[in-house]
Amino acid sequence: MQVDWQKEIDKRKEALLTDLTEMLKIESVRDEKRGSKNAPFGPGPREALDKFLEIGNRDGFEVLNLDGIVGHLEYGTGAETMGILAHVDVMPAGKGWDTDPFSPVIKGGKLFARGSSDDKGPGMAAYYGLKLIKELNLPIRKKVRMIIGTDEESGWRCMTHYFEKMPLPDFGFSPDAFFPLINGEKGNVSFNVDFQGGNGANAKLLDFSAGLRENMVPRDATAHISGIELKKVKELLNKFADDKPIEVEAVEEDERIAISVIGKAAHAQEPKNGENAGTYLALFLKQIELGAGAKQFIDFAADYLHEDSRMDNFDLHFTDEIMGDLTMNAGIFNFAAAQGGRVTLNFRFPKGIGASQIEEALIKVADKLGAQINATGKMQEPHYVSPEDPLVKTLLSVYERQTGNKGYGMVVGGGTYGRLMERGVAFGAMFPGTPDTMHQANEYMVVEDILKAAAIYAEAIYELIK
């Protein structure tokens, strides 16, 4: 049967956008403080999971909800199972939006909302690709299982839970990255660097905070200081910011001075795409004489982290010919004079280097500053699928056929669910040349790109299971 994939998806445009809009309205940010037995990651991720499964049930798919943590939609039968792994949790919206991040709006052909490009838009495009195959009743020989996670932006506990109870698919993809295709993903590990508190000079750092998640470049940073005049701080701050890509402000609050810096958020897979407000603020505070733990905290952020995403200041610059550079993102900063400070660093590493070498380099610097290093979260090893694998070849051939552009594999620092499968890749949905707004304010996805991705997904799924 000859299928005009784009024409069929275009027929379903309004339905796709309606379903996607309902998903985007849900503030599915992890909030474990409001979690419960039935919604361990908070009510938002659970609501988004329920909505996606509700849509699947409406359309006649076999649906499974595993404890409000993860679920799947299943179609077809066969000895082999293809997996499509997507997620419905989103990053915190943060500041700097021109519209309400959870009130989706289309402007200039772009759909603005948190999750539009990461990952509700691509996930819904992949779903409609599968839905199209079902509605056309195309002949297939393999089973398809679309698995929906709710903790991708944090610890992937949803998938850990799922695969404790269910088998891994034999092959598949995650619609959570870029076209043409990602067949390599760097390893991922995070470390906390902990400092003592206290001040030992006339000027005192009372507190310091920046960042929302370790896998985001911090857009906003704030510190409160005392023991110095506001006029002096303003003079220093304005001079400091004059030639830098940041916004700054200093105001007096209850006999203390509040200093704020606004930079630019970005995904941690490439920190150079952002402007780290935390390290800029620390660099400014280096001009003010501080002491004790406050000084060590600021010195570390300013001297070792500012504009160093490749660990040059730690003597650990490393590059692999295929997988690229080791990268470091300073994602979260917190300091309180009475309690001490912590900086959370996230690393994306290629094959050829490991978490132990990163930790050793951190310890050497931490020892000089009286700090402690502690691993946090789960470490992921680098993942790579050969360009000669039939999965890669099939997906790229579909991409080339539908776009008229050359297909090729890439290696990225971002991590997707694709790496959970031995023969797993990331496939779309961002097209080459499109600005990457994932994890940033004013996140969007071009509506026509959503539809084009859905058509590509439909043909790709069919080619892999027919």
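Tabulated data
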{"quantity": "Residues of region 153-190 satisfying the condition of being farther than 28 Å from ALA79 by Cα, buried (at least 24 other Cβ atoms within 10 Å of the Cβ) and in contact with a Leu (Cβ under 9 Å, 6 or more places away or on another chain)", "calculated": "LYS186"}
{"quantity": "Residue among VAL411, VAL446 that alone is in the same structural domain as LYS25 (by TED's automatic domain parsing), of a type in the set (Val, Ile, Thr), surrounded by fewer than 19 Cβ atoms within 10 Å (Cβ to Cβ) and under 20 Å from the mean Cα position of the chain (by Cα)", "calculated": "VAL411"}
{"quantity": "Unmet requirement for ALA302, which otherwise passes all of (1) in contact (Cβ under 8 Å) with a residue 24 or more places away in the chain; (2) surrounded by 18 or more Cβ atoms within 10 Å (Cβ to Cβ)", "calculated": "(1)"}
{"quantity": "Region 24-43, residues that are surrounded by 15 or more Cβ atoms within 10 Å (Cβ to Cβ) and in contact (Cβ under 8 Å) with a residue 24 or more places away in the chain", "calculated": "LEU24, LYS25, ILE26, GLU27, SER28, VAL29, ARG30, ALA39, PRO40, PHE41"}
{"quantity": "Region 356-381, subset within 15 Å of THR327 (Cβ to Cβ) and at pLDDT 95 or above, residue surrounded by the most Cβ atoms within 10 Å (Cβ to Cβ)", "calculated": "ILE358"}
{"quantity": "Members of region 339-370 that are in contact with a helix residue (DSSP H, G or I) (Cβ under 8 Å, 6 or more places away or on another chain) and either not hydrophobic (A, V, I, L, M, F, W, C) or not in a helix (DSSP H, G or I) (or both)", "calculated": "GLY340, GLY341, VAL343, LEU345, PHE347, PHE349, LYS364, GLY370"}
{"quantity": "Residue list for region 94-115, filter: modelled with pLDDT under 95 and either surrounded by 14 or more Cβ atoms within 10 Å (Cβ to Cβ) or of a type outside the set (Lys, Arg) (or both)", "calculated": "GLY94, GLY96"}
{"quantity": "Single unsatisfied condition, HIS439 versus (1) in a strand (DSSP E or B); (2) crowded, with 17+ Cβ neighbours inside 10 Å", "calculated": "(1)"}
{"quantity": "Residue in region 227-236 that is in contact (Cβ under 8 Å) with a residue 12 or more places away in the chain and in a strand (DSSP E or B) present", "calculated": "no"}
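So that you can scan it fast, the table gives a plain yes or no per residue for (1) touching a Gly at 6+ places or on another chain (Cβ under 7 Å); (2) under 26 Å from ALA93 (Cβ atoms):
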residue: MET124; (1), (2): no, yes
residue: TYR128; (1), (2): no, yes
residue: LYS131; (1), (2): no, no
residue: ASN137; (1), (2): no, no
residue: LYS143; (1), (2): yes, no
residue: GLY149; (1), (2): no, yes
residue: CYS158; (1), (2): yes, yes
residue: LYS165; (1), (2): no, no
residue: LEU181; (1), (2): yes, no
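To keep it simple, each residue is scored yes or no on (1) under 20 Å from GLY263 (Cβ atoms); (2) buried (at least 19 other Cβ atoms within 10 Å of the Cβ); (3) at pLDDT 95 or above.
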{"position": "ALA277", "(1), (2), (3)": "yes, yes, yes"}
{"position": "LEU283", "(1), (2), (3)": "yes, yes, yes"}
{"position": "GLU289", "(1), (2), (3)": "no, no, no"}
{"position": "LYS295", "(1), (2), (3)": "no, yes, yes"}
{"position": "HIS306", "(1), (2), (3)": "yes, no, yes"}
{"position": "ARG310", "(1), (2), (3)": "yes, no, yes"}
{"position": "THR344", "(1), (2), (3)": "yes, yes, yes"}
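The values are calculated or read from the model by the stated rules, or taken from the named source; none is laboratory data. This structure is a prediction, so every number in the text was calculated from the model and none was measured. Every residue, glycine among them, receives a Cβ derived from its backbone with ideal geometry; neighbour counts consider all protein chains shown.
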